[in-house]
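Values in this text are rule-based calculations from the coordinates and carry no lab data. From a predicted model like this one, the values you see are computed outputs, not experimental measurements. We place every Cβ from the backbone using ideal geometry, glycine too, and count neighbours over all the protein chains shown.
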Amino acid sequence: MSQAYQKYICVICGYIYDEELGDPESGLPSGTLFADIPDEWECPDCGVTKQDFILLTAPEPEVANVSKTSGFDSVLTLKHVSKDAIVVLGGGMAAWEMISQLRKQDNDQAIIMITHCSGDVYSKPQLSTALNKQKEPNKLIQISAADQAATLGVTLLPYTRVLAIDSDHKRLILPTGGLQYNKLILALGANQKYIPFPGSDTKGIHRINDLEQYRSFREHLDVLDKAHVAILGSGLIGCEFADDLVSAGHDVSLIDLSETPLSHLLPTQLSGKLAEVFESKGVQIFGGTTISEVKSADAKLTVGLANGKTIKADFLISAVGLQPNIDLAKRSGIDTQRGILVDDRMQTSCEDIYAIGDCTEHIDTGGNKVLLPYIKPILKQAKVIAGQIAADDIHYECNTDVVVIKTPSLPLSVCPPPLKDDSGAWKLVESQGESMALAYYRAGQMTGFALSGSFTKKANDWFQQIKLAS
Amino acid sequence: MSAPMSSMDFDSTTSISDKFLIGDALLERVKKIVDEDLAPQVLAIDREGIYPKEVMQKLGAAGAFRRHLPSLTEDGKAHFDEAMRAMAIVSRVCMNTGFTMWCQVTLAWYIEKSPNAEVRNKLLEKVACGEVLGGTALSNPMKHLSGIEPLKITATEVDNGFIINGTLPWVSNLGEDHWFASIAAIDTDPTRKVMFAVDCSSPGFSLRQCAEFIALEGSQTFACHYDNVFIPKECLIADPIPEYLQSIKAGFVFLQIGMGVGVIQACSDYMHEFNQSLSHVNCYLDYQTDELDQDIKDYIAACDVLATEIGDSSDRFFVDILKLRKTISELSLKAGESAMLHGGARSYLHDSVAQRKLREAYFVAMISPSIKHIRKEIDRLGYC
Ligand SMILES: Cc1cc2nc3c(=O)[nH]c(=O)nc-3n(C[C@H](O)[C@H](O)[C@H](O)COP(=O)(O)OP(=O)(O)OC[C@H]3O[C@@H](n4cnc5c(N)ncnc54)[C@H](O)[C@@H]3O)c2cc1C
Ligand SMILES: Cc1cc2nc3c(=O)[nH]c(=O)nc-3n(C[C@H](O)[C@H](O)[C@H](O)COP(=O)(O)OP(=O)(O)OC[C@H]3O[C@@H](n4cnc5c(N)ncnc54)[C@H](O)[C@@H]3O)c2cc1C
């Protein structure tokens with residue numbers, strides 16, 4: 001009589017008892033049914049009894065998602081092409097812009113992108129307006145990294161952190177192995193400064209400078225109907241988030257050492273106007289103070305201020321300033337100060353290594369060292385680097401530009417006067433309710449301006465005037 | 001027999017930091033112990049399953065088990081790079097002993113990170129100096145947390161402790177007088193788990209030697225049977241465990257790397273040796289000594305950066321560590337295979353270094369977290 005024999009697995013060690021074969025060494029002849037195994041019988045590999053055996057069934061089918069995790073394999077296969085390749089480190093706007101400029105120039109050049117994030121393409125400025133545009137974080141992705149890499153013919157190593165650069169031997173050190181490069185472009189971006197607040201772990205405290213951090217914030221925020229968000233730092237990022245959150249119906253407390261928001265960028269009058277508008281929308285402004293401690297209990301934060309007040313909040317966004325990511329460069333012997341230092345060829349202190357975007361520090365036309373954490377400079381910088389690599393000696397000119405602040409409650413456009421230019425003064429040129437136009441004059445010449453409300457539409461005209469004057 | 005330094009020699013006039021070596025002096029001492037005490041026993045360990053107890057004690061007395069424990073270092077910092085290098089020096093000659101060393105330093109790491117002062121006071125120094133030897137049974141819980149298999153141990157809460165039941169198939173560096181760390185789910189609430197230190201001589205606990213392995217036979221690897229074993233509260237390492245596990249994971253995985261580094265360095269030694277007579281044919285092989293030497297140099301450079309960041313308990317950092325760990329598995333396998341091919345028929349002899357290193361390399365690739373486990377975990381964490 002043919003019998004459908006069954007198999008049983010030891011859940012402890014994975015040994016399989018096959019009724020058809022039995023376990024002759026322990027005295028179970030072939031064909032011994034599991035039910036007939038004596039209770040004293042022991043698993044030959046780990047010594048448990050049949051109680052720890054279960055009928056073997058196939059596990060839930062699962063499709064392995066390993067295509068992109070085989071990091072070392074890809075480094076291995078890349079080894080032989082990479083020595084001729086241009087390698088771009090980073091997966092943000094600077095990196096992608098750089099690659100499209102390189103591609104325009106040469107269709108066959110091997111290009112490799114190595115980035116610690118996914119590399120998915122999104123417009124970072126939209127992070128601070130997404131709530132009111134009712135965009136889920138993932139909807140901000142315009143095209144996946146894999147698709148963009150295919151379009152541009154780039155080899156992509158996502159979720160891979162570059163740990164060190166051996167510039168003498170032109171090697172990159174990754175957790176997945178070493179890789180040779182020919183030319184290297186650092187597009188490593190920046191991060192919000194980390195401040196360890198006394199009394200707190202990091203729960204409930206967010207620093208938002210990329211999509212992943214924003215996603216994590218929204219995951220927590222979106223489960224609450226109305227949240228109270230404390231924001232430390234009323235700079236550009238702090239103000240944009242404050243406006244977006246309050247307009248979406250959340251409570252916002254804005255904390256800064258300055259009395260009024262955006263005071264480093266705006267003339268006092270306009271900064272005061274912004275404070276008024278924010279307060280009328282319900283933002284509570286805690287000026288002239290900072291956070292002295294943060295305590296968390298029951299998913300709530302108690303934020304203690306230096307002025308003795310306390311704020312009960314669900315979250316704290318720490319937005320005290322961007323810091324270029326310089327660790328990798330510094331560790332690798334590339335000159336850095338606040339950022340990775342570049343000359344007007346966008347070259348770092350190491351041969352064949354360029355840098356672009358938020359990670360860089362420049363010397364402006366007035367000889368000042370400046371950071372330019374904006375999109376527009378990236379476009380120009382990418383052209384310069386692509387040119388340099390193609391032996392076209394173009395240079396980057398680092399001029400002042402218009403900064404647009406995305407606070408729909410009071411739109412703002414500012415062209416800050418050159419650094420160290422403090423001998424002039426701001427003058428109110430025009431004012432209609434919330435719309436104001438102020439100009440900065442030095443020795444009878446306009447060197448900067450600040451516009452709010454409907455006047456921001458004329459920012460370009462104002463900017464032309466400054467350009468003409470210089 | 002040279003008398004190993006034991007806690008008996010502890011002289012109250014010398015401070016702990018004078019007694020144990022650090023930095024290059026430690027690594028030189030480890031090398032000396034390896035050359036003089038370990039090297040002569042390698043075949044017996046591998047083939048006859050001799051457990052290198054004395055070598056372990058000497059390594060502990062030298063200070064090789066404590067460099068990653070900030071509460072015991074001279075500067076209050078964790079020197080994972082030194083822990084890795086010490087293990088590599090040992091593994092270059094005998095990875096069985098490199099592995100028992102991993103069991104030991106990892107047990108010490110768990111205790112160091114435990115919020116329970118009682119268990120720290122009771123065991124940390126003893127494990128760190130090698131007076132108490134022991135291991136870690138975290139493979140099953142790690143695989144459980146990655147969704148690979150159910151947790152095999154249960155705990156019933158009672159006054160002053162827990163009653164533990166269940167079986168683990170293989171746990172190493174154990175013996176009657178050893179300790180190890182284990183995780184169990186509470187029977188009434190399996191979502192709650194506890195981690196604790198187990199004395200192998202506890203009533204109801206038994207070690208069973210069943211399986212025979214292709215290498216690592218001298219690692220004292222046993223099936224662990226708990227039959228109503230009482231664990232007192234003072235032996236609790238963590239309850240609850242989620243945040244605690246997050247804080248030990250990166251160190252746990254990083255510490256394994258020294259095994260692979262040693263294996264690869266041994267393969268390189270072997271290949272260089274055979275190239276003296278066979279370079280005219282070996283040059284036709286795919287993986288050459290210069291490439292391997294460059295790979296291991298790059299790899300150590302990567303380790304040195306990540307070794308300084310083990311305190312980072314984010315998933316993001318853990319993925320960097322998992323990738324580093326996967327790479328050492330892949331490099332070990334490649335190096336082992338290449339060593340075999342470089343030596344030709346000589347590699348096929350029973351006592352050849354290459355075949356032993358190849359067998360050891362497979363262990364690097366399959367001990368939890370194995371290559372497949374790592375890939376699954378990186379996928380689970382959403383970084384693939
Ligand atoms: C020499 C040696 C020493 C070791 N030392 C230690 C040590 O010190 N500490 C330690 O913790 N580990 C130790 N291990 C274990 C090791 O880390 C691995 O975890 C172990 O080898 C199993 O891994 P795997 O890759 O085979 O598991 P996988 O291939 O991932 O197998 C998954 C597991 O699922 C189980 N399983 C399958 N189906 C079912 C089911 N239906 N129900 C329940 N279970 C099921 C199987 O039994 C198997 O254990 C040692 C192993 C060896 C060989
Ligand atoms: C909320 C918000 C609003 C903004 N609004 C505006 C605006 O309105 N107008 C404007 O001009 N600008 C705005 N900006 C600034 C602008 O978005 C940035 O200047 C620009 O996105 C910077 O791009 P980047 O590629 O240089 O840097 P990032 O986007 O920071 O990219 C850096 C990349 O480097 C990778 N990386 C870092 N270290 C490593 C490593 N070791 N190994 C591998 N990869 C690494 C990261 O994963 C990342 O992919 C805003 C910024 C924010 C946060």
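What the table shows:
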| quantity | calculated |
| --- | --- |
| Three semi-axes of the equivalent ellipsoid, the stretch B:240-340, Cα gyration tensor, whole Å, largest first | 34, 11, 10 |
| Histogram of C-alpha separations across the stretch A:7-55, 10 Å bin width, % | 30, 65, 5 |
| Calculated diffusion of the stretch A:254-405, Stokes-Einstein form, Kirkwood radius summed over Cα pairs, 20 °C and 1.002 mPa s, µm²/s | 116 µm²/s |
| Rh (Kirkwood; distinct C-alpha pairs) - the stretch A:196-319, Å | 14.5 Å |
| Square roots of five times the Cα gyration tensor eigenvalues for the stretch A:161-262, Å | 37, 16, 14 |
| Rg/Rh for the stretch A:393-444, where both radii come from Cα atoms and Rh is the Kirkwood radius | 1.07 |
| Phi-based couplings in Hz for the stretch A:426-433 (Karplus 6.51, -1.76, 1.60; Gly and Pro marked x) | 7, 10, 6, 9, 8, 8, 9, x |
| The stretch A:81-198: C-alpha gyration tensor shape, a/c 1.5 cut-off, then a/b vs b/c | oblate |
| Most to least packed among A:396-405, A:205-214 [average Cβ atoms within 10 Å] | A:205-214, A:396-405 |
| Pairs beyond 20 Å (Cα-Cα), from A:203/B:233; A:79/B:326; B:53/B:126; A:203/A:300; B:77/B:323 | A:203/B:233; B:77/B:323 |
| ³J(HN,Hα), Karplus 6.51/-1.76/1.60, whole Hz, each residue of the stretch B:358-372, x for Gly, Pro | 5, 4, 5, 4, 4, 5, 4, 7, 10, 5, 4, x, 6, 4, 5 |
| In Hz, Karplus ³J(HN,Hα) per residue of the stretch B:281-297 (6.51, -1.76, 1.60; θ = phi - 60°; x = Gly, Pro) | 10, 4, 5, 8, 7, 6, 10, 9, 4, 5, 5, 4, 5, 5, 4, 6, 5 |
| For the stretch A:92-146, diffusion coefficient by Stokes-Einstein and Kirkwood Rh (Cα), 37 °C, 0.692 mPa s, µm²/s | 257 µm²/s |
| Helical contribution to [θ] at 222 nm, DSSP H n ≥ 4, -39,500 (n - 2.57), averaged over chain A, rounded to 500 | -6500 deg cm²/dmol |
| Nonlocal amide H pairs with residue A:396, under 5 Å, H built at 1.01 Å | A:345, A:346 |
| For residues of A:76-83, the mean tally of beta carbons on other chains within 10 Å | 1 |
| Evaluated over the stretch A:322-435, the Cα radius of gyration and Dmax, each in Å | 17.0, 55 |
| Chain B: angle of helix B:80-93 to the longest principal axis, Cα-based, in degrees nearest 10 | 60 degrees |
| Given charges at beta-carbon only (K, R positive; D, E negative), |dipole| of chain B in Debye | 640 debye |
| Contact order relative to length of chain B, as percent, for alpha carbon pairs under 8 angstrom and 6 or more apart | 17 percent |
| Semi-axes of the equivalent ellipsoid for the stretch B:157-286, Cα gyration tensor, largest first, Å | 42, 18, 11 |
| Cα gyration tensor category, rounded, prolate or oblate, for the stretch B:15-171 with a/c compared to 1.5 | oblate |
| Proxy reagent accessibility, fewest Cβ within 10 Å first, across B:26, B:381 | B:381, B:26 |
| Listed residues B:332, B:314, B:347, most fluctuating in chain B (Gaussian network, C-alpha, under 10 Å) | B:314 |
| Under 5 Å, built H, 5+ apart or other chain: amide partners of residue B:161 | B:233 |
| Rounded D (µm²/s) - the stretch A:411-469, Kirkwood Rh over Cα pairs, Stokes-Einstein at 37 °C, 0.692 mPa s | 287 µm²/s |
| Whether the stretch A:143-198 is rounded, prolate or oblate, judged on the alpha carbon gyration tensor where a/c under 1.5 counts as rounded | oblate |
| Shielding of B:294-301 by partner chains, average beta-carbon count, 10 Å | 6 |
| Principal axis box of chain A, alpha-carbon based, largest edge first, Å | 108, 58, 36 |
| Chain A: angle of helix A:375-389 to the longest principal axis, Cα-based, in degrees nearest 10 | 70 degrees |
| GNM result for chain B, Cα springs below 10 Å: residue of B:224, B:210, B:200 fluctuating most strongly | B:210 |
| Cut-off under 5 Å, modelled amide H: who pairs with residue A:354 long-range | A:184, A:185, A:186, A:348 |
| Angle in degrees between helix A:268-281 and the longest Cα principal axis of chain A, rounded to the nearest 10 | 50 degrees |
| Mean separation of Cα contacts under 8 Å, 6 or more apart, over the residue count of the stretch A:150-199: relative contact order % | 19 percent |
| Cleavage-rule hits (trypsin sites (Lys or Arg not before Pro)) in the stretch A:405-437: DSSP loop, at most 12 neighbouring Cβ within 10 angstrom | A:420 |
| Aspartates and glutamates with Cα under 16 Å of residue A:309, excluding same-chain neighbours fewer than 8 positions away | A:256, A:259, A:293 |
| Mean Cα-pair separation over length for chain A, i.e. relative contact order, pairs under 8 Å, 6 or more apart, % | 11 percent |
| Kirkwood hydrodynamic radius of chain B, from inverse mean 1/r over distinct Cα pairs, in Å | 21.2 Å |
| All aspartates and glutamates inside 15 Å of residue A:369 as judged from Cα atoms, apart from same-chain residues fewer than 8 positions distant | A:335, A:343, A:344, A:358, A:361, A:397, A:421 |
| Longest site-free stretch - chain B; sites: GluC sites (Glu not before Pro), DSSP loop, at most 15 other Cβ within 10 Å | B:213-384 |
| Number of partner chain Cβ atoms within 10 Å, mean per residue of B:145-156 | 1 |
| Cα pair distances exceeding 39 angstrom across the protein assembly as shown, given as percent | 50 percent |
